[in-house]
Amino acid sequence: MNGPASRAIPVVVVVLGLAAVMGIATRPTSTTLHAGEVSTAPGTLAVRSVALACPAPGLAGAPTARVALVAAAGSASSGSASSGSASSSTGTSGGGASAAKTGGAGVASVTPLSSAGGTPLEHLTQPGVLTISGAQPAAKVPKHAVVPAAPAGQPASVPTQGGVVIQATGSMASGLEAEQVTSADEAAPCAGPGTDFWFVAPGRLSGNHIELALMNVDSQSVSVNVDAFTDAGPLQGASDTGVTIPPHAMVTQSLDTMLSGSRVVAIDVHATVGQVVAALEEKPGSSQGGAWLPADQAPARQVVVPALPGTTATPQVFVAVPGTQDAHLTVTAVTTKGSYQPTGAGGLDIPGSSATEFPLPSLAGVPGALQISSTVPITATVELPGGGTGAPGVFAGALPPVAEQAVAANNTSGGGTGCEVVLAAPGRAVSAQVSEVGESPGQAGTPVTVHIPAHHALVEALGRSATSNHKDTFAVVVTALAGSGPLYVERVLIGSGRNGLRSLIAVPSAVKTVPLPNVRSVVLTAGN
């Protein structure tokens, strides 16, 4: 199960009835197992349990971070959620945490998971916005977070204070989404545990430091392999394998030496035992500013990156080809004026087991998404100038189409900041509902229904709901309506930063239900 897609972790129990017809005899009999016709139509179950993890809040020496969480599904049943640090950090939640939800009762507790069973830092009666301070540098890592020394040549794994885990059950797990924002306006969605995480990013020659954070939200140790290749091909020397993450802990690795001399890097984090949450940060020098790279969709022959905000900057595209075969790419821009192959995107051939970058200046100022088709599986990330102080830029990665609904938990508008969503329909036409949900109970705006023609994009401005207080944070929920084609969503915050681009996020799905598999009748027959 891929990391970015593992937003919800439901507990599903399917009971299969067996019809047995047994003959009783005094001599041995033969038994035959028959698979009959499909006995029940596939159905769905409501999501009842979710775990998400955010790496930034509570990091030692890091600025205060906010975590916005929203349960974007109405339900009359009760549920609960808890937020906690994956270490024994001294992080606390800020006062005045408030709600961003569409319904459903619940209780949230901010609890350090490394001291499970201890006193929660704070209780909340509804999902909302939490503020967690950075851990003190002198804070001690718990004893169970001792990590085995790395073999010679491998990056050292350092137990690290910080990392916030959000665990939700019941109605609050339905449609749960969380987003972390530091004081430098560095925003990133929080991810669910998975077995595979892919990142494609600028390399070390850009002058940035590259650090990998690995979080274990479970009660058993996790083992992870980290594979990487660059614009020069696969890395030579010792591989980064068998990395151990203790229960309820977070470790970090500096990949500077491992990725030395690279212009572009592609990193695959694969859990060989258990599940992990991986996050990659690039930052210049020792500055506290930086950017968390999005986890990309697993390699496929066609990927979509909703990452064209319409600002005047030139998009920079990073593509990874993990297989040994060379890739031939076809790049299509899905814009408000239709789909076409942009200037500068023709004749792109990339060697296997390598990564590359290329600019698309013809798409500066053009809102929409990129659809990249390839002869072999690839994955991709787009970078644009912008972000908070010290950030190398803003990034958005390839992701699957919206499943049920896309949710962005932390949005602001007014006071010099604009907010919008860019909706892309690279295939069939799409009809969708766009809803704003304010922080205070009852601050849900009237849903707006929009229509995106096939092979087009559409820009919808946010923060205009008459019932929302736009000085506060609000959530946005985008729901594809029945009969629609694949839908991709990006959230754009525009402010006073470089090029006006403050934050860009390819909005992930926050599902309310999970499908059940087909169930076949099984018949046991006995004969002589």
Can you give me the long-range amide H partners of Asp218? Hydrogens built in the peptide plane at 1.01 Å from N, cutoff under 5 Å, separation of 5 or more residues or another chain. His248
Mind listing the phi-derived Karplus ³J(HN,Hα) values for segment 336-341, rounded to whole Hz, using 6.51, -1.76 and 1.60 with θ = phi - 60°, and x for any glycine or proline? 5, 9, x, 9, 6, 8
If you place +1 on the Cβ of every Lys and Arg, -1 on the Cβ of every Asp and Glu, and leave all else neutral, what size is the dipole of segment 196-336 about its Cα centre, to the nearest 20 Debye? 240
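Local charge sum around Gly390 (other residues, Cβ-Cβ under 9 Å, Lys/Arg +1, Asp/Glu -1)? All intermediate terms of the calculation are to be shown ahead of the outcome.
Working: positive: Lys283; negative: Glu186.
Taking every Cβ under 9 Å from that of Gly390, the sum is 0.
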Relative compactness, segment 301-444, computed as alpha-carbon Rg over 2.2 N^0.38 Å: 1.16
Using a ≥ b ≥ c from the Cα gyration tensor of segment 239-373 (square roots of the eigenvalues), is it rounded, prolate or oblate, where a/c under 1.5 gives rounded and otherwise the larger of a/b and b/c decides, a/b for prolate? prolate
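Assuming a ≥ b ≥ c are the square roots of the Cα gyration tensor eigenvalues, decide whether segment 170-224 counts as rounded (a/c under 1.5), prolate (otherwise, with a/b larger than b/c) or oblate.
On the way: a/c = 2.48, a/b = 1.38, b/c = 1.79.
Oblate, since a/c reaches 1.5 and b/c is not below a/b.
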Karplus-derived 3J(HN,Hα), 6.51/-1.76/1.60, for each residue of segment 312-325, Hz, glycine and proline x: 7, 7, 8, x, 10, 9, 10, 10, 10, 10, x, x, 7, 7
Express in whole angstrom the spacing between the alpha-carbon centres of segment 322-376 and segment 388-461. 23
Skipping prolines and chain starts, which residues have an amide H placed within reach, meaning under 5 Å, of the one on Asp196, given they are 5 or more residues away or on another chain? Gly3, Ala271
Hz values of 3J(HN,Hα) by residue in segment 379-388 - Karplus curve (6.51, -1.76, 1.60), Gly and Pro given as x: 9, 8, 9, 10, 10, 9, x, x, x, x
What residues have an amide H closer than 5 Å to that of Val47, excluding those fewer than 5 places away on the same chain, when H is modeled at 1.01 Å from N in the peptide plane? Thr513, Val514
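Only the coordinates and a few stated rules stand behind these numbers; no lab work does. The model shown is predicted, which means the values in this text are computed figures rather than measured ones. Ideal geometry is used to build each Cβ from the backbone, glycine not excepted, and the neighbour counts take in all protein chains shown.
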